[in-house]
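See structure below.
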Amino acid sequence: MEHLQSVNDLVIRFANVNGTGSASANNMFAKAIFRMGIPVSPKNIFPSNIQGLPTWYEVRVNENGYLGRRDGIDVVVCVNPQSMRRDVDAVKPGGFFIYDSSKRLHPEFMRDNIHYIGIPMTELTMQHYNDPRQRQLFKNVIYVGALSALLDIEMEVLHGIINDQFRTKEKLIGPNLKALDLGFQYAKNHYDCPLDVRLERRDKVGDCILIDGNTACGLGAVYGGATVAPWYPITPSTSLVDAFEKYARKFRIDPQTKKKRYAVIQAEDELAAMGMVIGASWNGARAFTATSGPGLSLMSEFLGLAYFAEIPVVLINVQRGGPSTGMPTRTQQPDILSAAYASHGDTRHVLLFPSNPKECFEHTASALDLANRLQTPVIVMSDLDLGMNDHMSPPLTWDDSRTYDQGKVLSADDLEQIEQFGRYLDVDGDGIPYRTLPGTHPTKGAYFTRGTSKDEYARYTEVGDAYVRNVDRLMKKFRTASQLVPAPEFYQKKNQSKHGIIFFGTTTYSALEALDLLKEQGIEIDALRITAYPFHETISAFIEQHEKVFVVEQNRDGQMRTLLINELEISPKKLTPILNYDGMPITAQRIEQLILESFPEEKMEIAAIKGLN
Amino acid sequence: MTYIKPKFRHPELPKNDIGYVKSDYEGAISTLCAGCGHDSISAAIVQACFELSIEPHRLAKLSGIGCSSKTPTYFLSNSHGFNSVHGRMPSIATGANMANRDLIYLGVSGDGDSASIGMGQFVHAIRRNVNMVYIVMNNGCYGLTKGQNSATTDAGATSKAGGINNYPAIDLVGLALELEATFVGRSFSGDKNQLVPLIKAAISHPGFALLDVVSPCVTFNNKPESTKSYDYVRAHLEATATIDYVPEKEEITVSYEPGMSAMVEMHDGSVIQLHKLAPNWDPCDRFSAVRRLQTAKAKGEVLTGLLYIDQNSRDMHNLEQTVDKPLNSLREEELCPGSGVLARVNADFR
């Protein structure tokens, strides 16, 4: 039998039943590895269900810091009989299948090329706990204890996590420690520990944190000064507003009156949520909302209004599998085009593409500035993988001298000094007009906001020339936006290859890993990460400078590729799509494979490319 | 008919407490049909704001889409206005109100805008008790698209195009009472004496104040048999009471026979004085209002006046426990927890 051997390089999958408290045990496992200084990347693979259906937690451990998903599972911990067939089959030859051996494993689940490790989890809980709920919960902690022995996770680290987790519920610490020990002792006494697939302390996480993107976005909204947060619950964006509310409740209560310096409003639907953002922003508050796929469709009419009437809007779109209800608990990047051009008529919206939690935090805070500066919707394009899974991320930082940009808002004094206020006059030549807030001045600055066509003084008009002047100015404003959005990231000082690769958001992890894999085979590709739309001029230059450019994304239609072609007038032949759209995060192996396949006559050609480089 | 409004004003026009004349509350000239009920409602709004001595810029006017939603152009030109999208004014008003609790919010809508496309938002704005005046200019038809039936058209009515309405009319007032709206009134565009004090009371009410104003559409729905026509309403109008709105600082001078009047004190100390009360009806009792409304409906009467008021109304800010200072005026030091706190947050994720 094959025998896997590795240190700090493994993928482990936990197969659980939804609603049985496995999440906190699994988190404890991932956090322990992180605290041992080893880069770790956990992913929840969950059903659209509250209780009873199979759910998985997949953790990739990689001391080189590759955080994308990897195919091939080294270890499965299976506590869900429902999914056992799939889970047994998922183990790589030579890998390990850890299961609850309270009942004998049915012979149909026996493979001769994997190792079986039975831990009588249920039996142990029956012997040591009386309460049925505790029995269910501690079964999870028992397998973490067993893994501690099997994989060599430092027990002290686990103890530290339990102590932190139950700081306020001290009486739960004892039973948890006991469960850890039960699992640990059983594994130690019955198997050769550690296995050959194991962990070892390193110093490779630095000052990083392990945080999910939705929490980071929620914090970004608190730090960015958002005060009005209307929303409608939808997976996978719900936890984002939850996080905003949690931190606002902590940091935004008036110390004297105990009243809130924020309002979280659960709207009746996504339309109303967006309407409230528009109303609040129109009235000078910093407002945002979060949604996913179907919510974006529902908000489209209002996004058009905000674009045309020039009202700041911040929307965080945590993308999920579409179309329609699609795969609500799986990840994709399928809303690029529908977000960029949301709503009828000639519209276009500013998009930001964060690729890790730190950027989620920063992009959300900057989106509040940008939207006010540009007086237009800014959509932060996160996704389920980024939003709902923990990611190793540089720590969040804030410069205390930073002030909020309210954009071009005229005060009563300003109004006194100008000759005539024209809401849609392009005074500065950047396409961005000045606005006034209701209540500013008794006789100056009032205007009528409307979704209909208007002239420079906000008067309704159907005169063609005035309409054209207005929409052309909006286009000018959009070009100004390309200078204000975050610049793209280049991964080489100077181009070295005739091939380029473009990626963005959560494809970044795997794309960078794939580049290393290709490099090992002698193929070097220049890389560029898109961070925003409208596209920075350097993106166009990058594409021009390369013969062939791969565009990596997670949707069927290659939507970013289409956007690039449409916006930059690039020949479609130049951009080769590298796609993954099965709902799971793209892997480096897939990118590598598709790139290799895209070269005709593979190996010969690879050699030739190598020569050309 | 002239389309240019003269700028000249008589120098001795009466001024209100803050020195404004009535024309300071007017807007652009109306482009609605001559005789449209909506224009009378606009005039009543101008009159109410003038009498209340509201600073025009402290009021924001919002609307959806339709003939009714055009009217904010025709009053209060020194107020910020927002002509939003069809049926979605309530959410815009809710957001605006959350941002700045210090302004007065006047929403104008129509029967298509509120009872059809915007029903969801209308209902939820009531439920949240957003502090705003919500006027429905109810003409029982779609004017701007040329006379189709609306959700408040009488059952059996024939539209201008000849189609018969097979469906019962939605009664927005009855619905609002069911939803426990805290201020519910109905009036008629042609009854200025009732409408002006009702608008004033609605502005003073700390919560969602619905005014369903029957406003005949002279072009498409002014047939004598229509319950939204001038003839019908005049013949069948039954007022619960005539109304005086008395601001706090004024002395109550009018007195009525005992048993024929009721005084409703508002939160700010002002008083609504009602007289000629309909029998078996108390403006502070929701159940009696519902009963009275149903009785009138069964008799084919259009019951108008202040139908219900909750004197203990708590608006959305009150329910949400937001700070007294408008949220849009909070600055970095009140909003941003700073880098020290962030360092501690980071530590929680290690």
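Nothing in this text is a laboratory measurement; each read-out follows from the coordinates by a stated rule. Everything numeric here is computed off the predicted structure, so don't read it as measured data. Cβ: placed from backbone, ideal geometry, glycine included. Neighbour counts: every protein chain shown.
First select every other residue whose beta carbon is under 13 angstrom from the beta carbon of residue A:200; then total the charges, Lys and Arg +1, Asp and Glu -1. Once all neighbours under 13 Å are counted, the net charge is -2.
Find, among the trypsin sites (Lys or Arg not before Pro) in the stretch B:122-154, those assigned to loop by DSSP (not H, G, I, E, B) with at most 15 other beta-carbon atoms within 10 angstrom. Write down the numbers at each step before the final one.
Details: sites: B:127, B:128, B:146; in loops: B:146.
The qualifying sites are B:146.
Can you give me the angle between helix A:132-151 and the longest principal axis of chain A, using Cα atoms only, in degrees from 0 to 90, rounded to the nearest 10? Helix A:132-151 sits roughly 80 degrees off the main axis of chain A.
Once you've got the Cα coordinates, tell me which of A:454/B:228; A:454/B:200; A:476/A:574; B:70/B:192; A:358/A:477 are over 25 Å apart. Walk me through the intermediate numbers first.
Details: A:454/B:228 34 Å; A:454/B:200 32 Å; A:476/A:574 28 Å; B:70/B:192 20 Å; A:358/A:477 28 Å.
In this structure, A:454/B:228; A:454/B:200; A:476/A:574; A:358/A:477 exceed 25 Å between Cα atoms.
To the nearest 0.05, what FRET efficiency results for residue B:160 and residue B:299 with a Förster distance of 30 Å applied to their C-beta separation? Between residue B:160 and residue B:299 the formula returns 0.60.
Mind listing the phi-derived Karplus ³J(HN,Hα) values for the stretch A:326-339, rounded to whole Hz, using 6.51, -1.76 and 1.60 with θ = phi - 60°, and x for any glycine or proline? For the stretch A:326-339, the Karplus curve yields x, 10, x, 10, 10, 9, 7, 10, x, 10, 4, 6, 5, 7 Hz.
If you wrap a convex hull around the C-alpha atoms of chain A and split its volume per residue, what is the figure in Å³? Write out the running numbers ahead of the final one.
Working: hull volume 109.1 nm³, N = 613.
Looking at chain A, the number lands at 178 Å³ per residue.
For chain A, the longest principal axis of the alpha carbon atoms and the long axis of helix A:173-190 meet at an angle near 50°. Annotation note: GluC sites (Glu not before Pro) in the stretch A:364-465 located in DSSP loop regions with a Cβ neighbour count of at most 13 within 10 Å are A:419, A:462. Once the gyration tensor of the Cα atoms in the stretch B:269-350 is diagonalised, the equivalent ellipsoid follows with semi-axes of 52, 16, 10 Å, ordered largest first.
Available extension along the chain between residue A:134 and residue A:164 is 8.8 nm, counting 0.36 nm per residue and deducting the alpha carbon span.
With the convex hull built on the Cα atoms of the stretch A:10-122, state its orientation-averaged projected area in nm². For the Cα atoms of the stretch A:10-122, the hull's average projected area reads 7.2 nm².
Taking the DSSP beta bridges in chain A as the whole, what percent of them are antiparallel, to the nearest 5? Could you put the intermediate results ahead of the total?
Values: 26 of 77 bridges.
Expressed as a percentage, antiparallel bridges in chain A total about 35.
Kirkwood Rh and Cα-based Rg: tell me the resulting Rg over Rh for the stretch A:6-198, rounded to two decimals.
On the way: Rg = 15.5 Å, Rh = 16.6 Å.
So for the stretch A:6-198, dividing Rg by the Kirkwood Rh gives 0.93.
Counting Cβ atoms of other protein chains within 10 Å of each residue's Cβ and taking the mean over peptide A:217-227 gives 4. The mean number of Cβ atoms from other chains found within 10 Å of a Cβ in peptide B:58-68 is 2, as a whole number.
Taking 7 Å steps out from each Cα toward its Cβ at residue A:597 and residue B:144 produces label points 5.2 nm apart. Taking a straight Cα-Cα cut-off under 23 Å and skipping sequence neighbours fewer than 8 places away in the same chain, the lysines within cross-link reach of residue A:171 are A:31, A:139. For the stretch A:431-489, relative contact order (Cα pairs under 8 Å, six or more residues apart, normalised by length) works out to 32 percent.
Excluding same-chain neighbours fewer than eight residues apart, the aspartates and glutamates reachable from residue A:548 by a Cα-Cα span under 12 Å are A:526. Would you work out which of B:162, A:370, A:68 lies farthest towards the positive end of the dipole of the protein assembly as shown? Charges go on Cβ: Lys and Arg +1, Asp and Glu -1. Checking the options against the dipole of the protein assembly as shown, the answer is B:162.
Translational diffusion of the stretch A:156-286, estimated by Stokes-Einstein from the Kirkwood radius over alpha carbon pairs at 20 °C in a medium of 1.002 mPa s, is 113 µm² per second.
Taking a point 7 Å from the Cα of residue A:428 along the Cα-to-Cβ direction, the residues of the stretch A:436-455 with backbone N closer than 14 Å to it are A:436. Relative contact order for the stretch A:71-191: 21 percent, from Cα pairs under 8 Å spaced at least 6 residues apart, divided by residue count. Rg and Dmax, both from the Cα atoms of the stretch A:412-484 and both in Å, are 13.0, 37.
Placing dummy labels 7 Å off each Cα toward the beta-carbon, the span from residue A:498 to residue A:469 is 5.2 nm.
Between the stretch A:226-251 and the stretch A:455-510, how many Å separate their Cα centres? Answer, in whole Å: 29.
Taking label positions 7 Å along the Cα-Cβ direction at both residue B:58 and residue B:12, the computed distance is 3.0 nm, reported to one decimal. Between 0 and 90 degrees, the angle of helix A:464-484 with respect to the longest Cα principal axis of chain A falls at about 40 degrees.
Taking only the Cα atoms of the stretch A:112-163, the ratio Rg/Rh comes out at 1.05, with Rh defined as the Kirkwood radius. The ellipsoid that matches the Cα gyration tensor of the stretch A:456-613 has semi-axes, each √(5λ) in whole angstrom, of 37, 16, 14, with the longest given first.
Which translational diffusion coefficient, to the nearest whole µm²/s, is obtained for chain B from the Stokes-Einstein equation, given a Kirkwood hydrodynamic radius over C-alpha pairs, 37 °C and 0.692 mPa s? For these conditions, the coefficient is 155 µm²/s.
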